[in-house]
1. Provide the FRET efficiency to the nearest 0.05 for the Asp137-Arg208 pair, computing r from the beta carbons and using R0 = 35 Å.
2. For the chain, what is the relative contact order in percent, using Cα pairs closer than 8 Å and at least 6 residues apart in sequence?
3. Using 0.36 nm times the number of residues separating Gln122 and Thr219, minus their current alpha carbon distance, what extension gain do you get?
4. How large is the dipole of the chain about the Cα centre if only Lys and Arg carry +1 and Asp and Glu carry -1, each at its Cβ, rounded to the nearest 20 debye?
5. How much length is gained if the chain between Arg13 and Tyr254 is pulled fully straight, taking 0.36 nm per residue apart and subtracting their Cα-Cα distance, in nm to one decimal?
6. Could you work out the percent of alpha carbon pairs in the range 102-240 separated by over 17 Å, rounded to a whole number?
7. What helices does the chain have that are whole DSSP H segments, at least 18 Å long along their own axis by Cα, and with mean Kyte-Doolittle hydropathy of 0.0 or more?
8. Ignoring ligands, DNA and RNA, please state the percent of accessible area on the range 78-201 from carbon and sulfur, probe 1.4 Å.
Amino acid sequence: MISLRNVSFSSIRVTDDPFNWAHTLEDIGFGGWEIVQEGQQVLDSANIRKMREVCETTDLAITIHLPFSDINLASLNQPIWEEVLRQLTSCISVASEFANVMTVHPGYLSPLGMQMPDLAWQQNVLGLRRLCDFADDFGVTIAVENMPRMDLIFGKAPDEMAGIIELANRGNLGMTLDVGHAHTNGALSEFLMMNEIVHVHIHDNMGRRDEHLSIGEGTIVWADVMTELYKRHGGCRFVIEARSLAEGQASLEYLRGLG
């Protein structure tokens with residue numbers, strides 16, 4: 001039986017003001033909220049006040065998705081790479097007031113990185129080490145996310161994700177399993193077996209593109225997936241990543257039907 005208290009909502013539409021609907025999440029049945037540190041969801045001085053109000057008036061479990069637009073942990077442009085780390089660590093520092101699990105994307109190959117992929121790989125691992133060392137002082141776990149089928153990006157295969165985490169070699173580094181991303185790579189069964197998983201993102205697709213469909217609208221066999229997730233990773237938080245609150249609610253209702 002699925003514990004709906006373990007299911008959070010996250011909106012991938014970061015141009016909408018999330019505080020218009022954040023206080024309704026518990027009424028809908030969500031047990032948590034994952035904030036995407038982009039656009040209107042960035043925890044700046046104005047939003048921190050609103051965020052504290054959410055935490056004071058609800059029992060929502062808060063997790064964080066660190067920014068990813070124009071962020072590349074594998075950048076071989078050293079000043080840019082240092083700025084990426086500065087922005088990510090700044091987000092960790094601010095968001096640690098509210099959350100102790102934060103998801104980050106692995107890096108990707110720039111035009112220069114395509115010519116030196118091994119060096120870009122090393123830079124990606126070094127970046128994760130730096131993030132984890134910084135986050136450890138705040139009691140934060142960094143969860144690096146597996147990526148969808150896209151050219152030039154790290155983290156699409158289970159062995160690649162395991163290698164990143166092993167080489168980074170930090171006790172506060174784990175993996176966010178994105179079920180939809182894994183499905184686009186035809187590797188969901190293998191990903192479900194991984195021991196490094198500490199956090200889970202769930203959404204649907206037709207098996208080729210990262211569509212972020214409502215759960216049940218794609219080709220993922222959710223009854224089997226959720227059974228396996230709860231058997232192996234039942235202590236994790238499951239985050240429905242949806243294009244809208246209505247689609248998130250529909251996904252939650254689908255999960256209820258599986259029970």
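1. 0.25
2. 19 percent
3. Working: separation 97, 0.36 × 97 = 34.92 nm, distance 3.53 nm.
Value of the extension gain: 31.4 nm.
4. Working: 18 positive and 35 negative charges, 36 e Å.
Charge dipole, the chain, about its Cα centre: 180 debye, nearest 20.
5. Extending this stretch completely gives an extra 84.6 nm.
6. That fraction is 59 percent.
7. Numbers: long enough: 45-57 (19 Å, -0.77); 78-95 (25 Å, 0.33); 117-136 (28 Å, -0.23); 245-258 (20 Å, 0.06).
TM-like helix candidates: 78-95, 245-258.
8. On the way: 2750 of 5230 Å².
The nonpolar share, carbon plus sulfur, comes to 53 percent.
The values are calculated or read from the model by the stated rules, or taken from the named source; none is laboratory data. This is a predicted model, so every value here is computed, not measured. We place every Cβ from the backbone using ideal geometry, glycine too, and count neighbours over all the protein chains shown. To get the accessible areas, we keep the full protein, side chains included, count just its heavy atoms, and leave off ligands, DNA and RNA. Shrake-Rupley method; radii C 1.70, N 1.55, O 1.52, S 1.80 Å.
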